[in-house]
Amino acid sequence: MSAAGPTPALDAAAPAPPVAPPQAVPWLGLAAVLMGTFISTLNGRLSNFGLADIRGAVHAGFDDGAWITTAQTVAQMFIAPIAIWIGTVYGPRRVLLVAAAAFAVISFIAPFSTNLPTLLVLQFAGGLASGCFIPLTLSFLLRNLPPRYWAYGIAIYALNLELSLNISASLEGFYVEQLSWAWIFWQNVPLAIGMALCLHYGVPRDPPNPNPPRADLYGFAAGGLGLALVYAALDQGNRLDWLNSGLIWGLLLAGAVLVAGFVAHELRTPHPGVDLKLVFSPPLPRLLVLIAFLRLTILSTAYLIPQFLQGVRGFRALEVGQTLIWIAAPQLIFCPLAGLMLRRTDPRLVSSIGFIFISVACLMVAHGLTAQWSSDQFLPSQFLQAIGQSFALSGIIFFGVLHLRPQDALTFGAALQTARLMGGEIGTAFVTTLVRIRSQTASNLIGQHIQGGDGGVLQRLQAYAAVAGRSDTGLGPARAAGVLSGLVRGAASLQGVIDAFVVVGALTALALLIVVAHKPAPLGPASHRPLFGRPDLPPP
């Protein structure tokens, strides 16, 4: 038998030869996929800041117009499980090319919508296209970058997510005041076209997959739709008063049943569309929770500062953007430093530094915030927030990558996208509700000290009436009462924001404890140990 050579059975069981890691950096392809992450986050954030102008353009009311941003992100949640399969079957290059071209066309025609239903359909279609960008980006980075550059690629990947989040207010304010609200959508057209050109010329064609996986139609439908319904409930819950709304109950129950069915199906079927064993195997569940925590703290802070500047100080969107941009600008400097530290040190240390800085930044604001604060007073805390965001997100993602095989990158990318979107939405819903409840409580407590006929209250009302100068017409007392009421609302809103900063700082400290308690990652690209061709990694 030895002279006759190996048997067919032994040939079939023999492991595939190792795939040589790439040696050169595909700069155009790297620019393309990173541009996709930038576009995906930027577009959703711009729609939030410019929502009032978009509602007015399509003649939508407040309640109906609240679904404009929900439609896009719900579509991104729905497409996340499907992106794994289509990326495996057709290759990331082809999928990203089609998605970028579709997104450019949709973004161009969206401002021509004459009514809300048309805009909602286009927003959902745009979400399906942009929802493919982030899950496929991580796979491209791991498969096309030399392992020694993975740390820098992931640091830039994290930079793109946070940069687009924090510059959107400045861009939206500029578009609305200097150009037109339509540029909220049209700015995506040149970005998507540039992304497609970089993909076409900078990324080689994907070889055909000789053994494409089966399409798990039930898993895709149940998982994507279930996640989308839960996200819609979280996004609309604060507006509809949560469990006092039948719609919220219906969305949550239907979403929970579909997600449970999806998990049961994927664990039992011989051909799962999503490898849940990878998602549920240590340490990925804990890392996905950390990413959700981080998105909670980042998006909550990005909500709290505009809430204070617009609700208490009366700033416009452009003025709010001038404050938030100080989170974005320092990240351009600290992104390379984060990559260097990931190469030289334990990623747990990098992410721990990030969480410490974010927590300290929140507590700095909570300790000193007053009704007289403006953009300048936020700068020290924003600087710490910028460093913390770059370090924390890049450290967590890189820590997860060290536990992966390259063929698992698509699944990890989709799980990362789901945790990022869901964590951000949970954070926004939680902090929005917290600010509302704490503001109402503070307003009630302040109102108990304002009694009709009280000497101090009368003196304050007379002073306001004198400033109004309309006491001879009888409007002075009414205006004075309005001014006093506005001051009470402002003080209550201020207290709600302060309380929320304290809670966000405490949650960030909790995330820090989770990072510190984790075991070290296995050796990976930080030490130039190749991951390609290994059947498995050693346990952490």
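The table for this structure:
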read-out: C-alpha center-to-center spacing [the stretch 330-370, the stretch 196-275] in angstrom; value: 32
read-out: Shape category assigned to the stretch 251-299 from the gyration tensor of Cα positions, a/c cut at 1.5; value: oblate
read-out: Relative contact order, percent, the stretch 24-213 [alpha-carbon distance under 8 Å, six or more residues apart]; value: 45
read-out: Theoretical gain in end-to-end length, residue 506 to residue 316 [0.36 nm per residue, Cα-Cα removed]; value: 65.4 nm
read-out: Binned Cα-Cα distance frequencies in the stretch 24-213 - 10 Å width, integer %; value: 10, 36, 34, 15, 5, 0
read-out: Separation of alpha-carbon centers, the stretch 73-147 and the stretch 378-432, rounded to whole Å; value: 20
read-out: For the stretch 422-439, 3J(HN,Hα) per residue [Karplus equation, 6.51 cos²θ - 1.76 cosθ + 1.60, θ = phi - 60°, Hz, x = Gly/Pro]; value: 5, x, x, 6, 4, x, 5, 5, 5, 6, 4, 5, 4, 4, 5, 5, 5, 5
read-out: Ranked by how many other beta carbons lie within 10 Å on average, peptides 432-440, 411-419 from highest; value: 411-419, 432-440
read-out: Average projection area in nm² (convex hull over Cα atoms of the stretch 27-100, one quarter of hull surface); value: 5.9
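Values in this text are rule-based calculations from the coordinates and carry no lab data. Remember, it's a predicted structure, so these values are computed and weren't measured experimentally. Here Cβ is always computed from backbone atoms with ideal geometry, including for glycine, and neighbour counts include all displayed protein chains.
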